[in-house]
Amino acid sequence: MILNAADIESMEQRRRAALVNSLSGFKSANLVGTANVRRATNLAIMSSVVHLGSHPPLLALVVRPGGEERHTLANILATGCYTINHVNSALVEAAHQTAARYPNEVSEFTATGLTPRWRDGFDAPAVEEAHVRMGLRLREHQELSINATHLVIGEVVFVELPDNSLRSDGSLDIAAADTVALAGLDSYYLTQPHKRMAYAKPDLPPREVSAQGELPAQPARGAPSVLGSS
Ligand SMILES: Cc1cc2nc3c(=O)[nH]c(=O)nc-3n(C[C@H](O)[C@H](O)[C@H](O)COP(=O)(O)O)c2cc1C
């Protein structure tokens with residue numbers, strides 16, 4: 001099947017949104033925790049978190065168009081702080097429910113039974129029940145001229161994670177942390193590790209590494225290559 005631009009344009013609005021929301025593949029499932037200047041809390045599921053750079057550690061978030069009715073955005077702009085909390089398998093129902101349009105005076109923490117977790121000196125709550133939590137300070141905000149969505153760029157200022165999910169090479173084993181993946185706006189997936197690959201170099205073939213990121217022992221000279229071994 002081929003869908004061209006005219007086919008996509010002529011789709012009924014909800015079907016088009018469902019299709020286009022699936023095109024970017026598996027996405028991360030996150031709860032964005034914020035508070036207003038009176039410390040009234042807000043929580044919203046967001047899947048548009050992208051890595052923007054490691055030094056400084058920057059993550060970008062795309063927030064849908066809309067003004068004051070976007071509580072997460074209003075709070076981020078007011079306090080300059082927010083948290084990103086990975087959704088784990090036990091949190092899917094509550095996390096999904098935070099997408100409901102509650103009035104501003106209703107906290108999604110209360111509505112879903114999740115627990116705000118405050119950190120001294122940081123003006124946004126994290127989610128106690130999440131296994132991976134991080135705090136970000138707003139670094140840049142732009143309303144994009146193409147469709148009035150908001151690009152929110154934040155610097156990670158703290159990360160809280162289970163000890164056993166931090167690998168020896170520094171990476172976070174998100175499957176060990178039970179973080180789920182998202183497709184479209186409604187499909188949640190458990191993850192299963194497949195392969196880890198070594199840093200790609202033009203003069204070397206693809207090499208698999210161990211779960212800890214280590215290369216397998218070098219084969220003896222003349223021995224058959226271990227390429228593709230699993
Ligand atoms: C699976 C899923 C992913 C979502 N991802 C985003 C997102 O990346 N950006 C966004 O602005 N809204 C996203 N939403 C919609 C928000 O969760 C929803 O608009 C919510 O009511 C916003 O809450 P707020 O007004 O308190 O900020 C998503 C909804 C679902 C169900």
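The values are calculated or read from the model by the stated rules, or taken from the named source; none is laboratory data. Quantities reported herein were computed from a predicted structural model and do not represent experimental measurements. Positions of Cβ are generated from backbone atoms using ideal geometry, with glycine treated the same way; all protein chains shown enter the neighbour counts.
Restricting region 4-49 to residues that are near the ligand (Cβ under 10 Å from one of its atoms), free of Cβ contacts under 8 Å to residues at least 40 places away in the same chain and not small (Gly, Ala, Ser), the residue that is surrounded by the most Cβ atoms within 10 Å (Cβ to Cβ) is Met46. If the condition is being part of a loop (DSSP other than H, G, I, E, B), at pLDDT below 95 and of a type in the set (Val, Ile, Thr), then region 179-212 contributes only Thr191.
Considering every residue within region 113-126, establish whether at least one is among the aliphatic types (A, V, I, L, M), under 20 Å from the mean Cα position of the chain (by Cα) and assigned to a strand (DSSP E or B).
Taking region 113-126 and keeping what is among the aliphatic types (A, V, I, L, M), we get 114, 124, 126.
When the remaining residues are screened for being under 20 Å from the mean Cα position of the chain (by Cα), the result is 114, 124, 126.
With the extra rule that they be assigned to a strand (DSSP E or B), the set shrinks to 124, 126.
Yes, there is a match, as at least one residue in region 113-126 is among the aliphatic types (A, V, I, L, M), under 20 Å from the mean Cα position of the chain (by Cα) and assigned to a strand (DSSP E or B).
What's the total number of residues in region 74-95 that are farther than 23 Å from Pro162 by Cβ and surrounded by 24 or more Cβ atoms within 10 Å (Cβ to Cβ)?
Pass one, region 74-95, residues farther than 23 Å from Pro162 by Cβ: 74-81.
Keeping just the survivors that are surrounded by 24 or more Cβ atoms within 10 Å (Cβ to Cβ) gives 75-76.
So the answer is 2.
In this structure, Ser107 qualifies as among the small types (Gly, Ala, Ser), more than 27 Å from Tyr189 (Cβ to Cβ), in contact (Cβ under 8 Å) with a residue 12 or more places away in the chain and within 13 Å of the ligand (Cβ to nearest atom).
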